[in-house]
1. Hey, could you pull the Cα Rg and Dmax for the chain, both in Å?
2. For the chain, with all protein chains present and a 1.4 Å probe, just round the carbon and sulfur fraction of the accessible area to a whole percent.
3. How much accessible surface area, in Å² rounded to 10, belongs to the heavy atoms of Asp291 with a 1.4 Å probe?
4. Too long at a 22 Å Cα-Cα cut-off: which of Lys89/Lys337; Lys84/Lys181; Lys56/Lys282; Lys282/Lys320; Lys181/Lys299?
5. Report the charge-dipole magnitude of the stretch 261-343 in Debye, nearest 20, computed about the Cα centre from +1 at each Lys and Arg Cβ and -1 at each Asp and Glu Cβ.
6. What ratio of Cα Rg to 2.2 N^0.38 Å holds for the stretch 29-106?
7. Per residue, how much accessible surface does the stretch 128-180 expose to a 1.4 Å probe? Answer in Å², no decimals.
8. State, as an integer percentage, the relative contact order of the stretch 7-46 based on alpha-carbon contacts under 8 Å between residues 6 or more apart.
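The values are calculated or read from the model by the stated rules, or taken from the named source; none is laboratory data. Everything numeric in this text was worked out from a predicted model, so none of it was measured. Ideal geometry is used to build each Cβ from the backbone, glycine not excepted, and the neighbour counts take in all protein chains shown. To get the accessible areas, we keep the full protein, side chains included, count just its heavy atoms, and leave off ligands, DNA and RNA. Shrake-Rupley method; radii C 1.70, N 1.55, O 1.52, S 1.80 Å.
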Amino acid sequence: MKLCTFHLFRDLEEALEMGMDWSLREGYAWAEDKEHCEENGRMLQADISKVSQRAKKRGLPQLGTLGAGNHYAEIQVVDEIFDKHAATKMGLDRIGQVCVMIHSGSRGLGHQVATDALVEMEKAMKRDRIEVNDRQLACAHITSVEGQNYLKGMAAAANYAWVNRSSMTFLTRQAFAKAFKTTPDDLDMHVIYDVSHNIAKVEEHILDGKQHTLLVHRKGSTRAFPPHHPLIPVDYQLTGQPVLIGGTMGTCSYVLTGTSTGFQETFGSTCHGAGRALSRAKARRNLNYEDVLEALAKKGISIRVASPKLVMEEAPESYKNVTEVVNTCHAAGISKKTVRLRPVAVIKG
């Protein structure tokens, strides 16, 4: 048992360092999957020594799992195509075509990395006389020891997230292959794109007419780089980076593309989703578990969920209208509508 635990921890630490390269080595991903990941699925500045043992212990049993909250796996169908050229480049070129969207991240490991950093940064703030209005806004100078420790630990958590999603992609491919008695390759189960939405990235941007190296924080937003940007895959150089905008149970999701306007005005960022309209507590008070399930059934949507509480917290009524949010981003020119996807089956962690 001790030997087994040692090997599992060694695998975890290698995954934290290697990201998608670990998934490739272990046979959980296709070579082309890496090309369709932000950062090619690996942040090189990751330093596993900056990830606490507590974080590793939390992450070890959770690798390959969705998690709770707004995380999900959905079987979806293409409902409407807005940009035929971009959609064809992504392989989403037919109304009614089936795809799977997986929304998950670095699980308890990433949460613990952030929690540990808050403690360090609070001390740094006292030392450097930095004041903020909320403890959750704790921060440190980027070049400080605390700032660098967090960025290295966060990069390791991002690598964990890519391994986590690639592991679930592997399991999804195996499930579909078993159900249809064929192979994932014959089913054309290719990764369209894997993009982060809670991360800080060092990037080059134009500010006041001059090029600057900036640390861009995207919390509840997602990267949306334009056509011809060197950091997006060759497949999408003419269309712009795919942007995945997830809905919630029973609502549609969208695939957008990044634009030059967005790169200039929002540092290449757009929305990540609709955002909550009701707090989790208010959703539990105002909504009925059975009513939500009945509404989903009327739409022909199957659901598998861990608890009734989660159904109410994540009901469509708990969120803003995702179509209105996407239309606003499209009208503002910071991202461009490509495809709308309709859910037919939902799995909540």
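1. When restricted to the Cα atoms of the chain, Rg and Dmax are 20.3, 63 Å.
2. On the chain, the fraction of accessible area on carbon and sulfur atoms equals 53 percent.
3. Estimated to the nearest 10 Å², Asp291 gives 90 Å².
4. Exceeds cut-off: Lys84/Lys181; Lys56/Lys282; Lys181/Lys299.
5. Here the stretch 261-343 has a charge dipole of around 100 debye.
6. Ratio of Rg to 2.2 N^0.38 Å for the stretch 29-106: 1.48.
7. Per-residue accessible area for the stretch 128-180 comes out at 54 Å².
8. Computed over the stretch 7-46, the figure is 41 percent.
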